[in-house]
Structure formats: structure tokens, C-alpha cells
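Following: one structure in C-alpha cells, then a few remarks.
The values are calculated or read from the model by the stated rules, or taken from the named source; none is laboratory data. Computed from a predicted model, the values in this text were never measured in an experiment. Virtual Cβ from ideal backbone geometry, glycine too; neighbours counted across all protein chains shown.
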Ligand SMILES: *Cc1c(COP(=O)(O)O)cnc(C)c1O
């Protein structure tokens, strides 16, 4: 029988072994490593710098005083506390949908929602670069899966025609994409995708994990920026990135949400997020939509522009290709005081290992300038 050791050895030999890097400080533009060194942090998805923001902290502390630390059980079992309802009402308004449902993480949202909607008789069509949680949700559903090359509308269109010809009378076709892609930082052609799907019976799920909070009016996402909320059946996202907290959400019609409350197993069979967390996310939505959010977005976008004028998100990949070379580049940056992760297979496809730079509203202009110089001296 194969052992964990032998599999670890194989990972090590191909430059694919992963290790946790222990950090002894809160998240922020600077992080303190366990060995005492302090690095400038270009690795987190804390785009607005809210993970340790005074307003988020104060709100969380006050909400713990008001609501305690635990939810007790699933919301269907021990009662559904008001902070969850208030959050979902506020979120639905923010996302311009009838209704919303929250989960403990974005990962749990995907693995709950997709198998609730689709089964063996159904078809799920995904972009090739969709996040692991969306792929796992689709696999778990047992539906037939079709993958289209990244952002390829023509291939999506031909998969759709194929699916429409094959699907049973009451079968479902579900198309899944992200609005901003997590490892490439580019945007989906959402208008083109909606144009293909509107005349078709297929449902569309768009994961806004990396757009929520800093793209679109008030940070409401790419669907809001393009005015496509009405054409997207399910808008998904997470509070773990730009909101600096944790938790996942899905927004849609009232019937869709009532259906998910009855069918999404990661909602039904998992303890609800702490009510104090739900209340803090509500406060954070006000923060994001308000003046402080606007100021943070403006700082973030100015940082993005100063790093790369072509960038359309806070994620900027520098593709190197080889695993070892990417690890070496990340290590050299570490020695210069920068935390920039090496992203390798299976997070990205083989031969496309990369440094993934993520920018935050917290970064100072001189810190970004320093990173650019360090990167230039690498090559
Ligand atoms: C991070 C991420 C998720 C998972 O969200 P968590 O709240 O971190 O579990 C889902 N989809 C995408 C595209 C993501 O980048």
C-alpha cells in the first residue's frame, strides 16, 4: 500500500510539496514571520485591508458582546438568529436580488448549491479556470460535466447547443463562471455569456469571490458594473476576501433561495456561522458601500494602476512556467523582504507556475515601487 511518506517524496521531487508558513501577526501590508522577520505582504486577498481594520475589529467585538460566539446548531434546527436574516436582507439589496443565503465559507456555498441544483440527469458547463470549490461542487452533483476553454464564448455556445439537444424535458443545464479569475486576475466576458444564456433554458451561476467589495458601484461586483444582475440566476461570493471576514453567500430569486434552504446539504447539515460574525458582515457591508469603502477602493485602484496600468483586478500573475524556478523566485523575493507566493499545479495547470501578486488598499506607494524594483532585478 502506498504511504503518505512516499507521496510526499513524490511531491518534493517534482517541486510540488507545500508547506505552511507560520505568521505571528494579524494580516496586513506587513506580516511578522515566526523567525522574527517582517515581510511586505503581497499574497493575501484582503484587497481593501479590512482583515484588521479598526472598524471591522470594533464591530466584531461589539457584536460578540451582543450575540455571543456560537450559533448552536444548523439554522433549521435551533432557530435562525436575527443577525443572519438582517445580513441576508442587506446583502440581497446590495446585490439587487430578491433574496440571499449565507454559508460558513465560499467553498461550502459551492459544494452546497451546485449539488442541490443538479443531479445525474443534468449538465454542468464550467470555464476551464473555475475555482476548485466550483469543480468539486459539480463533481459532487453527479451531473455530466463539460468544460470550455477559458473565456471562450464560441465553445461555450457549442456546449450549450449540445446540452440543449441532450437534456431531459425537466432536466437542468447550469453554466458556471467567475467574474474575476482567482489565479489569472482577468475578467469573464459576462455580457457575452449573458447574451448566450438569456435565450437558452440554462441557469447561470457567477462567482464574484475576487470582485466583491472593489469592482462595480459601491463594490457590488462585476455584474453590477455591467448592469447584468437581472440576467444572472445565482450570484455567488465570499466575505473572506475583500470583506476581511469569512463566510460565503448566494443571491437569487426568493424561490431559488427557499429551494436552497431545503436542499443545500452544506447549509442544512452544518452549524450556522456565529451570529456575531453575521452581524459584523452586515456592518461591513455598510462600511464597503459607504465613504470609508469608497476611500479604500480608490486607494486600491491607484495601487493597481501604479503596479500595472493594464491590470483589471487586484490580482497580477507573473507566469514563470517551471515549478522550481517559480519557487526560487519567490524565495529570492522573500530574502528581499517581500511575501509573494509561488502558485503551482494543481492550483494552476502544469507548466504555468507563477508568482501571484495581490494588491491591497493598505499598501503604500513606496512599497509597490520597491516590489516592482525587486521584480525587475529578478530577471
Ligand atoms: C476563495 C474562493 C472561494 C472560496 O471561498 P472561501 O470563503 O475562501 O471558502 C470560492 N470561489 C472562488 C473563485 C474563490 O477564489
Consider only pairs whose beta carbons are under 6 Å apart and that are at least six residues apart or on different chains; among these, list those whose first residue lies in the range 76-100 and is not assigned by TED's automatic domain parsing to the domain that holds residue 282 and whose second residue is surrounded by fewer than 20 Cβ atoms within 10 Å (Cβ to Cβ). none
Among the residues of the range 352-379, which ones are at pLDDT below 95 and part of a loop (DSSP other than H, G, I, E, B)? 379
Selection status of residue 60, under 19 Å from residue 210 (Cα atoms), in a helix (DSSP H, G or I) and in contact (Cβ under 8 Å) with a residue 12 or more places away in the chain: no
Inspect all residues belonging to the range 107-116 and state whether any of them is touching a strand residue (DSSP E or B) at 6+ places or on another chain (Cβ under 8 Å), assigned by TED's automatic domain parsing to the domain that holds residue 216 and within 20 Å of residue 201 (Cβ to Cβ). yes
Any idea how many residues of the range 147-163 are outside any helix (DSSP H, G or I) and surrounded by 15 or more Cβ atoms within 10 Å (Cβ to Cβ)? 4
Qualifying position, being modelled with pLDDT of 95 or more, buried (at least 18 other Cβ atoms within 10 Å of the Cβ) and farther than 27 Å from residue 150 by Cβ, among 274, 295: 274
Among 157, 161, 133, the single one that is in the same structural domain as residue 267 (by TED's automatic domain parsing) and within 13 Å of the ligand (Cβ to nearest atom) is 133
Residue check for residue 202: at negative phi and crowded, with 23+ Cβ neighbours inside 10 Å: no
Candidates 187, 139, 166 - the one that is in the same structural domain as residue 105 (by TED's automatic domain parsing), surrounded by fewer than 16 Cβ atoms within 10 Å (Cβ to Cβ) and within 16 Å of the ligand (Cβ to nearest atom): 139
Would you check which residues across the range 275-309 are touching a strand residue (DSSP E or B) at 6+ places or on another chain (Cβ under 9 Å) and within 21 Å of residue 185 (Cα to Cα) and list them? 304, 307, 308
Starting from the range 123-142, keep only residues that are at positive phi, then list their pairs with residues that are part of a helix (DSSP H, G or I) whose Cβ atoms are within a distance under 9 Å, requiring at least 6 positions of separation or different chains. 142/115
Restricting attention to the range 190-199, and to residues there that are outside any loop (DSSP other than H, G, I, E, B) and more than 16 Å from the ligand (Cβ to nearest atom), which single residue is surrounded by the most Cβ atoms within 10 Å (Cβ to Cβ)? 197
Give the residue, chosen from 42, 60, that is more than 16 Å from residue 284 (Cα to Cα), in contact with a helix residue (DSSP H, G or I) (Cβ under 8 Å, 6 or more places away or on another chain) and surrounded by 12 or more Cβ atoms within 10 Å (Cβ to Cβ). 42
